[in-house]
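The values are calculated or read from the model by the stated rules, or taken from the named source; none is laboratory data. Keep in mind the model is a prediction, meaning the values are calculated, not measured. Glycine also receives a Cβ, built like all others from the backbone with ideal geometry; neighbour counts cover every protein chain displayed. Surface accessibility is based on the protein's heavy atoms, side chains included, excluding ligands, DNA and RNA. Shrake-Rupley method; radii C 1.70, N 1.55, O 1.52, S 1.80 Å.
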Amino acid sequence: MPEKILDVKNLQIDFNTYAGEVKAIRDVSFHLNKGETLAIVGESGSGKSVTTRSIIGLLAKNANVVGGEINFHGENLLEASEKDMQNIRGNEISMIFQDPMTSLDPTMKIGQQIAEPLIKHKGASKKEAWAKALEMMKAVGIPDADKRINQYPHQFSGGMRQRIVIAIALICEPEILLADEPTTALDVTVQAEILDLMKDLQKRIKTSIIFITHDLGVVAGMADRVAVMYAGEILEYGTVDDIFFDPQHPYTWGLINSMPTLDSDTLESIPGTPPDLLDPPKGDPFAPRNKYAMKIDIERKPPFFKVSDTHYAATWLLAPGAPKVEPPLEIQRRWKKYALMKKDHELVSEN
Ligand SMILES: Nc1ncnc2c1ncn2[C@@H]1O[C@H](COP(=O)(O)OP(=O)(O)OP(=O)(O)O)[C@@H](O)[C@H]1O
Ligand SMILES: [Mg+2]
């Protein structure tokens, strides 16, 4: 049995706005196993960032945690004091954000920024921390580290800055790394390098990762398991192979279908728009956009139906006696491609 390092139960988060309560996270449960990478995927606004930020206690001021638990080492982080969270943040749990520039301090030397968490959390001396920072800069592949350790963020390219952000996030060897679209701002080649670097460091440090991305191609190469989010809910979760080769929820089909492939630039985005979270639908939130939706999908929220020991999906299509619906042909056509993509990636990371 894999060891659960993080266990999120029935998380519910609202935002106070002038228009009313935005019900952004609605009964989300998932767990993270030790050493694994869990990808959270979903359209814009589905709640990926809010979910991850809640783990580290970095929600916006107008957020209201209505219910749920985030269990980490026997403690519910939602009830932890700000002082406890400060001890955990950057130490046991770290986060990397999408934009590497905003997470670096433009007025501080890179070396200081990488060394700081060690001084703060591990009681390292300045000298020790500086030496470790230098080691870490080399580990994340920054050339001329001895010289560059004294430079400032603006002297680095976007890709190099993201390597620095990764160095800061991992310097205390956290048990959990939360990566919110860590490579979206980078060009494709740099992106691939950074992803390989993250996998490499993960193996060494044995960190568990929650990886947020829009890019299912990245998921195929990085993740062990995937949670598919929509309108503040998880609609399906399973291993990468469950989600790619045996997707069950029509929303997952839509997401897979909307993923660009090498031989076609035409993006087949899912028709329609997500529901208004001021007044969320009472049934399956995807029902209004789902051409396979039945009456019950509109009226009653589907429970998670078990597909296999690792794979669950919340769609009435899986209820006993529901009409048998096959995933669209396009999805089936893509299966071969994922198999190749995964294989490619495995070959690359073995080298
Ligand atoms: N401070 C806030 N005030 C009001 N609503 C908010 C606030 N922060 C987030 N939301 C709402 O919560 C929902 C989830 O947002 P979130 O940022 O988690 O989406 P996301 O899945 O990360 O999207 P993206 O892929 O665009 O980053 C959205 O409907 C968003 O508008
Ligand atoms: Mg986001």
Residues in region 64-91 that are in contact with a strand residue (DSSP E or B) (Cβ under 6 Å, 6 or more places away or on another chain) and under 25 Å from residue 168 (Cβ atoms) total 3
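When you scan region 137-208 for helices (runs of 4 or more DSSP H) that lie fully inside it, which ones turn up with 2 or more residues that are in contact with a strand residue (DSSP E or B) (Cβ under 9 Å, 6 or more places away or on another chain)? Outline the logic, then answer.
On the way: elements: 145-148, 158-170, 188-205.
Fully inside region 137-208 and qualifying: 158-170, 188-205.
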Out of 75, 36, sole residue that is in contact with a Pro (Cβ under 9 Å, 6 or more places away or on another chain) and among the acidic types (Asp, Glu): 36
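Pull up region 14-31, narrow it to residues that are more than 16 Å from ligand 2 (Cβ to nearest atom) and farther than 27 Å from residue 253 by Cβ, then point me to the one that is surrounded by the most Cβ atoms within 10 Å (Cβ to Cβ). I'd like the intermediate steps shown before the answer.
In the first step, residues of region 14-31 are kept if they are more than 16 Å from ligand 2 (Cβ to nearest atom); the result is 14, 16-21, 23, 26-27, 29-31.
Retained after the next criterion (residues that are farther than 27 Å from residue 253 by Cβ): 14, 16-21.
Numbers: 14: 20, 16: 13, 17: 10, 18: 4, 19: 8, 20: 13, 21: 14.
By that ranking, first place goes to 14.
Per-residue answers, yes or no, for (1) in contact (Cβ under 8 Å) with a residue 40 or more places away in the chain; (2) within 16 Å of ligand 1 (Cβ to nearest atom); (3) closer than 20 Å to residue 98 by Cα; (4) open to solvent by less than 50 Å² (accessible area, probe 1.4 Å):
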{"position": "115", "(1), (2), (3), (4)": "yes, no, no, yes"}
{"position": "127", "(1), (2), (3), (4)": "no, no, no, no"}
{"position": "133", "(1), (2), (3), (4)": "no, no, no, yes"}
{"position": "144", "(1), (2), (3), (4)": "no, no, no, no"}
{"position": "154", "(1), (2), (3), (4)": "yes, no, yes, no"}
{"position": "158", "(1), (2), (3), (4)": "yes, no, yes, yes"}
{"position": "170", "(1), (2), (3), (4)": "yes, no, yes, yes"}
{"position": "183", "(1), (2), (3), (4)": "no, yes, yes, yes"}
{"position": "198", "(1), (2), (3), (4)": "no, no, yes, yes"}
Take the residues in region 217-230 that are within 16 Å of ligand 2 (Cβ to nearest atom) and outside any strand (DSSP E or B), then tell me which one is farthest from residue 41 (Cα to Cα). 218
Of the conditions (1) more than 30 Å from residue 204 (Cβ to Cβ); (2) assigned to a strand (DSSP E or B); (3) open to solvent by 10 Å² or more (accessible area, probe 1.4 Å); (4) more than 9 Å from ligand 1 (Cβ to nearest atom), the single one that residue 11 does not satisfy is (3)
Quickly run through region 44-86 and pick out the residues that are open to solvent by 20 Å² or more (accessible area, probe 1.4 Å), within 16 Å of ligand 1 (Cβ to nearest atom) and outside any strand (DSSP E or B). 44, 45, 49, 50, 53, 57, 58, 59, 60, 61, 62
For the condition more than 8 Å from ligand 1 (Cβ to nearest atom) and in contact with a Leu (Cβ under 8 Å, 6 or more places away or on another chain), what is the one hit in 41, 22? 41
So, of the residues in region 87-102 that are open to solvent by 60 Å² or more (accessible area, probe 1.4 Å) and free of Cβ contacts under 8 Å to residues at least 60 places away in the same chain, which turns out to be farthest from residue 156 (Cα to Cα)? 87
Would you check if residue 34 is farther than 26 Å from residue 218 by Cβ, open to solvent by 50 Å² or more (accessible area, probe 1.4 Å) and either near ligand 1 (Cβ under 9 Å from one of its atoms) or in contact (Cβ under 8 Å) with a residue 60 or more places away in the chain (or both)? no
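Being loosely packed, with under 14 Cβ neighbours inside 10 Å and in a helix (DSSP H, G or I) is the requirement here; does residue 105 meet it?
Values: loosely packed, with under 14 Cβ neighbours inside 10 Å: yes; in a helix (DSSP H, G or I): no.
No.
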Reported set for region 124-136 where residues are small (Gly, Ala, Ser), assigned to a helix (DSSP H, G or I) and more than 25 Å from residue 179 (Cα to Cα) is 131
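If you scan region 233-258, which residues turn out to be part of a loop (DSSP other than H, G, I, E, B) and surrounded by 20 or more Cβ atoms within 10 Å (Cβ to Cβ)? Walk me through how you get there before you give the answer.
Step one: filter region 233-258 for residues part of a loop (DSSP other than H, G, I, E, B), giving 246-249, 258.
Answer for region 233-258, where residues must be part of a loop (DSSP other than H, G, I, E, B) and surrounded by 20 or more Cβ atoms within 10 Å (Cβ to Cβ): 247, 248, 249.
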